[in-house]
């Protein structure tokens with residue numbers, strides 16, 4: 001019945017997710033959400049309330065999941081098959097979830113297919129994730145807030161909605177999938193605090209112009225996402241915003257801003273710094289006013305602060321992974337340069353590459369992971385981030 005799904009990753013391979021769909025207009029998003037979960041390897045089984053069936057037809061979900069849709073509890077005791085003790089489900093994901101359903105689950109009422117599945121999952125210890133969607137005035141109701149708090153205390157994980165246009169809109173598919181990956185992943189970095197820097201910094205020339213470099217920040221973002229998938233508490237310091245719930249972000253501009261932010265944040269206690277940012281080597285004293293463009297201008301560059309050097313002085317025992325970019329060097333010269341940085345700053349690992357052949361601003365890269373040994377890795381930056389986090393798991 002369903003069309004072929006081309007997998008983008010195997011992060012949810014072998015995991016059965018029960019998707020509970022309730023009577024929010026956001027139910028129309030469930031076809032694509034289901035297919036996105038399947039693209040990451042999950043098997044999805046849909047459970048729909050009667051109200052949900054008025055918004056999206058069960059045949060649409062049968063098409064999306066490739067499985068029969070549960071629209072009522074029958075003598076087959078579907079809720080026990082999937083969410084009972086030893087049941088098939090790895091996760092009960094209720095998306096979208098209405099205020100009505102949140103209230104019923106919070107009070108143990110199971111008069112719909114979805115609430116019956118939730119009651120059963122609670123009794124068997126199967127994790128529950130709820131993605132609310134409703135009008136903002138309903139989401140702000142003190143009893144709804146109280147019910148969400150009660151369920152959170154009971155171990156239910158909530159993926160918060162996007163508040164705009166007077167509505168508490170269902171979170172993005174990307175966010176929901178990421179949270180499912182974290183819930184069902186290895187958790188080998190659970191309890192670890194990791195600070196990651198990423199992307200380019202920018203030095204002001206005047207109120208309009210800046211000096212920067214070609215770094216896109218994609219590697220730092222992929223590292224943050226992969227660490228989050230594996231259960232780490234992640235802080236990302238960069239010149240941007242990804243807006244992922246659960247990842248703490250600091251938006252900085254200059255090398256000085258990044259250095260000061262990192263030094264202060266590390267004081268809160270971290271297990272690892274991954275310094276993936278392409279921090280400016282030079283800064284310039286900015287003009288207070290726009291520099292006129294009708295004449296030649298001379299800029300005087302002065303060295304910018306070296307983040308790793310300052311971090312090492314202030315936090316001598318902190319584990320640090322550094323990045324080393326060179327141009328026009330041989331493989332041996334690149335590795336030698338990386339090892340020199342590793343020894344001088346007492347780094348746990350260096351990720352090195354020759355950016356003259358690509359890597360800055362691209363979706364793919366070819367790098368060397370240098371610690372006690374040397375490993376050459378090429379592929380997408382997501383794939384490279386996974387290899388680096390495998391090393392981090394062993395390091396921490």
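Read the figures in this text as sums done on the coordinates, not as results from a lab. Values in this document were obtained by computation on a predicted structure and should not be read as measured data. Here the Cβ positions follow ideal geometry from the backbone for every residue, glycine too, while neighbour counts run over all protein chains shown.
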Directionally averaged projected area (convex hull, Cα atoms, the range 16-184), nm²: 8.7 nm²
Can you pull the one-decimal nm distance between simple spin-label points at residue 372 and residue 291, each 7 Å off the Cα toward Cβ? 5.0 nm
Debye calc, one equal point scatterer per Cα of the range 169-256, no solvent, log10 I(q)/I(0) at q = 0.12, 0.19 1/Å comes to -0.42, -0.85
Pairwise FRET efficiency - residue 174 versus residue 137, Cβ, R0 = 25 Å, nearest 0.05: 0.40
Rg and Dmax of the range 229-357, Cα atoms, in Å? 17.4, 55
Output ordering of 312-318, 46-52, 238-244, 222-228 (per-residue mean of other Cβ within 10 Å, highest first) is 222-228, 46-52, 238-244, 312-318
Cβ-derived FRET efficiency at R0 30 Å, residue 282 paired with residue 390, nearest 0.05: 0.30
Can you give me the distance in nm between label points at residue 300 and residue 186, each placed 7 Å from the Cα along the Cα-to-Cβ direction? 5.2 nm
With a 10 Å cut-off between alpha carbons and a GNM built on the chain, which of 273, 211, 236 moves the most? 211
Taking only the C-alpha atoms, wrap a convex hull around the range 170-213 and report its volume per residue in Å³ as a whole number. 165 Å³
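Based on the Kirkwood radius over alpha-carbon pairs, what value in µm²/s does the Stokes-Einstein equation return for the translational diffusion coefficient of the chain at 10 °C and 1.306 mPa s?
The Stokes-Einstein estimate is 68 µm²/s.
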Gap in Å between the Cα centre of the range 361-396 and the Cα centre of the range 50-98? 39 Å
How far apart, in nm, are the 7 Å Cα→Cβ label points at residue 63 and residue 146? 4.3 nm
Output the 0 to 90 degree angle, nearest 10, between the alpha-carbon long axis of helix 30-39 and the longest principal axis computed from the alpha carbons of the chain. 60 degrees
Can you tell me the 0 to 90 degree angle between the C-alpha axis of helix 331-344 and the longest principal axis of the chain, rounded to 10? 90 degrees
Potential extension, residue 160-residue 8 segment - 0.36 nm per residue separation minus Cα distance: 52.2 nm
Compute the long axis of helix 142-153 from its Cα atoms, compare it with the longest principal axis of the Cα atoms of the chain, and write down the angle in degrees, 0 to 90, nearest 10. 80 degrees
Pairwise centroid distance, computed over Cα atoms, of the range 124-148 with the range 255-318, Å: 42 Å
